[in-house]
Structures are given as C-alpha cells and as structure tokens.
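Visitor: To start, I am sharing the structure in question, which I have written as structure tokens.
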Amino acid sequence: APEFNYSSEGVADGVDAVRKMVRRDIKYGADLIKYCGTGGVFSKGDTPGAPQYTYEEAKAIVDEAHFMGRTVAVHAHGAEGIKIAIRAGADSIEHASLVDDEGIRMAVRAGTVFSMDIYNTDYTQAEGAKNGTPEEYLQKDRDIGDIQRENFRKALKAGVKMSYGTDAGVYPNGDNAKQFKIMVRYGMTPMQAIVAATRTGAELLKKEGDFGAIEEGRFADIIAIEADPLADVGTLERMRFVMKEGRVYRGTAEQCAAAPSLWPCERPAD
C-alpha cells in the first residue's frame, strides 16, 4: 500500500541512481548485472510489454557494468524494452517473449543472445493454480506463452544466438532439462540445444576458458546418460552420473526414493 512507502533496495530511478546501484552491486561481489527492462509475468500491477527504463538509464547500467568487466542480462518481455536493451549494448535478453521483427534483426546485428524460457508455461498452467499462483499471473502467462514460443522459432530461424535459460524457480529446480524437448519442438536440432546449454552459455558469461567443453584444465561439470541425446534429447532429463570439479555427486536416499529418474542414485565405484 502506498502509505507504507516501501520498495526493495534494488530499485533505482534515473541515470545517476542506476549507475550508483551498479557500482554498489559490483563492490559487494556481483559478477553479473541484471536489470528489469519491462514488466513481468510473476509481478503484480504491471504488464509484461511495458518498458521500465529509458534508453538513457539502460545505457548507464550497461556502460558502467561493461566498464568493470561484467556481463549484462536484461529481463524483457516487451518489444520496446528489448530494443532499448539491445541499443544500450546488453549482452543477453531474458524471456524476449514479445520481440518484434525489428528487435530480431537488431539482435542478429549486435550479437545479442536471447535466453528464452519456453518450457515453464507448461508447468505454470498445469500446476500454478494448485500452488496458489495468483490468477493475474496465470492470465499473463496464458497471454504470452504461445507468442513467446513462436518468436523463439522466428528468432532462431533468423540467426539470433540462443542460450539455455529456464527461469527455474518458477518451477522446481531439478526439472531444468525439460526445456530441451521444447527447444527442439520449436526448431532447434538436439545439438543446437546442447550447445545453447554449454558453449553459448559459457561464452555469454565470459567463462569460455572454464566452462562449455570437456577439456583438461576446465571445471569438468559432466553428466552421463544412458542413450544418445542426438536421437532422443529427452534422455538428458535422466542423468546417471554427475561430476563437478572432479567430484562425483548423487542424490540423497530421500531424493532417490522420491524421484529416482531425476538423480544419479547408484553409488559409483571407488
């Protein structure tokens, strides 16, 4: 309510204020800067298509972050907010749901990466009401879900770079791999989807020397599966082995009992 006059500490208005906010976040350890360029689906009282920062404000955010070597991601559903972010030099657009043809052409020219979370509508519409998600949010999701998927197809065909962004947390973490099948359904080859989740993501985060390939000296985040994902990309949902930085991880007994298909549950050989 307005009489409480409260907003979270991440809110900033005006060129000087957003520049100061970027500096503060980096001072306290942020290795990536993200700003909200438009309204959202799971946010009250706004619309996904409406811009929330001017070009001047967006440019100040991007310039300050790039000056300090950080990648800039932009939450943007609406076409105008997407184009403002691209003109400002943002590295990636998260969602990109209502992008128009001009925005797609701009992204191709600028090399801007789209991170389009085209699975989570399935979960939101199937489970949202049971989870207590407000009807306002469910309706906004219904309004843009299919549009986003068709725009994914258009952007991919036009040559926009794609990374594998899922918006996990909107649905349970652990279901992230379910998006592979949706990306393939809307135009990607299985290999393109795998590259989006590995090499392209590493390049976007400026970590291509550490992540994105299985080579000596890298962090060695590796999974193993039972079948060929190029024949059935859905097999990536059923991991049998996980290694991170040379250490094997597996589900707890409780996790394995509850969802054995999601966890590498067999104890590896010593």
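The values are calculated or read from the model by the stated rules, or taken from the named source; none is laboratory data. The structure displayed is predicted, hence computed values, not measured ones. Quick reminder, even Gly has a Cβ in these numbers, built from the backbone with ideal geometry, and neighbours come from all protein chains shown. The area values use the complete protein model at the heavy-atom level, side chains included, leaving out ligands, DNA and RNA. Shrake-Rupley method; radii C 1.70, N 1.55, O 1.52, S 1.80 Å.
Visitor: Quick one: check the C-alpha center-to-center distance for region 86-112 versus region 35-68, whole angstrom.
Guide: Each part's Cα centre sits 13 Å from the other's.
Visitor: Would you compute the Debye intensity of region 106-204 from its alpha-carbon atoms alone, equal scatterers and no solvent, and pass along log10 I(q)/I(0) at q = 0.11 Å⁻¹ to two decimals?
Guide: Treating every Cα as an identical point scatterer, log10 I(q)/I(0) equals -0.34.
Visitor: Could you give the length gained by full extension between ASN173 and ALA158, i.e. 0.36 nm per residue of separation minus their alpha carbon distance, to one decimal place?
Guide: Extra length from ASN173 to ALA158 when fully extended: 2.3 nm.
Visitor: A follow-up question, please. How high is the relative contact order of region 1-143, in percent, with contacts defined as C-alpha pairs under 8 Å that are six or more residues apart?
Guide: 19
Visitor: Let me ask something else. Which one is right for this structure if Rg and Dmax of the Cα atoms in Å is calculated from it: (1) 20.3, 65; (2) 19.6, 62; (3) 17.2, 51?
Guide: (2)
Visitor: Quick check: at a probe of 1.4 Å, how many percent of the accessible area of the chain sits on carbon and sulfur atoms?
Guide: 52
Visitor: Mind checking which of TYR137, TYR119, TYR249 has the largest fluctuation in a GNM of the chain, springs on alpha carbons under 10 Å?
Guide: Comparing TYR137, TYR119, TYR249 in the GNM, the peak value goes to TYR249.
Visitor: A further question follows. Over 18 Å, how big is the tail of the calculated P(r) for region 182-240, in percent of all Cα pairs?
Guide: When all Cα pairs of region 182-240 are counted, 41 percent exceed 18 Å.
Visitor: Oh, and also: Which length gain, in nm to one decimal place, applies between ARG199 and GLU245 when the Cα-Cα distance is subtracted from 0.36 nm times their residue separation?
Guide: Value of the extension gain: 14.8 nm.
Visitor: Taking the Cβ of ALA65 as the center, what net charge do the other residues with Cβ under 10 Å away carry, scoring Lys and Arg +1 and Asp and Glu -1?
Guide: For residues surrounding ALA65, the net value is 0.
Visitor: Now for a separate question. Quick one: helix 15-27 against the long Cα principal axis of the chain, what's the angle to the nearest 10°, folded into 0 to 90?
Guide: The angle comes out at about 30 degrees.
Visitor: Ok, one more. Would you mind checking region 139-181 for residues with the amide N under 20 Å from a putative spin-label position 7 Å along Cα→C-beta of ARG105?
Guide: 151-161
Visitor: Between GLN255 and ARG24, what is the label-to-label distance in nm when each label sits 7 Å out along the Cα-to-Cβ direction?
Guide: 3.5
Visitor: Would you calculate a helix-derived [θ] at 222 nm for the chain, using -39,500 (n - 2.57) for each DSSP H run of n ≥ 4 and dividing by the full residue count, to the nearest 500?
Guide: Mean residue ellipticity at 222 nm (helix-derived): -11000 deg cm²/dmol.
Visitor: Give the calculated FRET efficiency between ALA227 and VAL15 to the nearest 0.05, with a Förster radius of 41 Å applied to their Cβ-Cβ distance.
Guide: 0.20
Visitor: Shifting gears a bit: Any chance you could give the angle, 0 to 90 degrees and rounded to 10, that helix 55-67 forms with the longest Cα principal axis of the chain?
Guide: 50
Visitor: Taking only Cα atoms, what is the 0 to 90° angle, nearest 10, from helix 135-158's long axis to the longest principal axis of the chain?
Guide: Once rounded, one gets 80 degrees.
Visitor: Follow-up question, since we're still on this one. State the volume of the convex hull built on the alpha-carbon positions of region 41-126, expressed per residue in Å³ and rounded to an integer.
Guide: That works out to 102 Å³ per residue.
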